[in-house]
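Visitor: Could you have a look at this structure, given as structure tokens, before my questions?
The values are calculated or read from the model by the stated rules, or taken from the named source; none is laboratory data. Keep in mind it's a predicted model, so treat the numbers as computed, not measured. Note that we place each Cβ from the backbone using ideal geometry, even for glycine, and neighbour counts take in every protein chain shown. Side chains are part of the model used for accessible areas, which takes the heavy atoms of the whole protein and leaves out ligands, DNA and RNA. Shrake-Rupley method; radii C 1.70, N 1.55, O 1.52, S 1.80 Å.
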Amino acid sequence: MAQRIAIVDYGMGNLRSVQKALSHVAPAANVEVTADPDRVRQADRVVFPGQGAMPDCMRGLRESGLAEAILEAAATRPFLGLCIGLQMLFESSREGDTPGLGLLPGRILAFAEAAETRDAGFKVPHMGWNEVWQSRPHPLWEGIADGARFYFVHSYYCAPGEPSLTAGWTRYPHAFTSAIARDNIVATQFHPEKSSTAGLRLLENFSRWTP
């Protein structure tokens, strides 16, 4: 029986590009975009994307009735957060002083409030290709060179409460966590579905990962 990969649709995010990329790297899987909490619960793997503002994403998640299904999936099966899907896993965000899901310890901070960003004249949002350096070995990185470039679009970044959560980091201009991993959860601040060969390999790794 084909494995089922659910891409969570709570009204935010470029879901079709994620679906297309996953279908390309895992052609035998049933890759489904769904707003049905029961379909999320029934999936073998769950992808939790997000684009836009954190307050809007959290509001959409609550109003969709999907929050509980997300919490269950993140506790029980391979789970991949993308962009704001990473940020919502943490306790709070400076973007609108928004509470997150609180699955992981830490906060989401603003590049615009970082002295390093202001003093160096770096633009916000951080947008475009940048290197991701692997903090430790993980199946997520299989076949991906350390320092490979991925595509970013974001104005906020995560500051994990535990250093062991960091699986990858990037400089803009200071070092920030750009990928996290714990148990069955992985998440990236960058967009693998927009990141050419390295991004497709990361999604393929997720489709085969058995935590």
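Visitor: Of the residues that sit in the stretch 3-33 and are over 17 Å from the mean Cα position of the chain (by Cα) and either part of a loop (DSSP other than H, G, I, E, B) or of a type in the set (Val, Ile, Thr) (or both), which one is nearest to LYS194 (Cα to Cα)?
Guide: Among those residues, the one meeting the criterion is VAL25.
Visitor: Conditions: (1) at pLDDT 95 or above; (2) closer than 18 Å to LEU202 by Cβ; (3) assigned to a loop (DSSP other than H, G, I, E, B); (4) small (Gly, Ala, Ser). GLY81 meets all but one. Number of the miss?
Guide: (3)
Visitor: For the stretch 90-113, how many residues meet the condition of being assigned to a strand (DSSP E or B) and either in contact with a helix residue (DSSP H, G or I) (Cβ under 9 Å, 6 or more places away or on another chain) or touching a residue at least 24 places away in the same chain (Cβ under 8 Å) (or both)?
Guide: 8
Visitor: Would you mind telling me which numbered condition in (1) at pLDDT below 95; (2) crowded, with 18+ Cβ neighbours inside 10 Å; (3) not hydrophobic (A, V, I, L, M, F, W, C) GLU113 fails?
Guide: Every condition holds for GLU113 apart from (2).
Visitor: Let me ask something else about it. Would the stretch 34-53 turn up any residue that is more than 24 Å from GLU113 (Cβ to Cβ), in a strand (DSSP E or B), among the charged types (D, E, K, R) and open to solvent by 30 Å² or more (accessible area, probe 1.4 Å)?
Guide: Looking for residues that are more than 24 Å from GLU113 (Cβ to Cβ), in a strand (DSSP E or B), among the charged types (D, E, K, R) and open to solvent by 30 Å² or more (accessible area, probe 1.4 Å), one finds none in the stretch 34-53, hence no.
Visitor: When the stretch 143-161 is examined, which residues are found to be hydrophobic (A, V, I, L, M, F, W, C), open to solvent by 20 Å² or more (accessible area, probe 1.4 Å) and touching a Ser or Thr at 6+ places or on another chain (Cβ under 8 Å)?
Guide: Within the stretch 143-161, just ALA159 meets the criteria.
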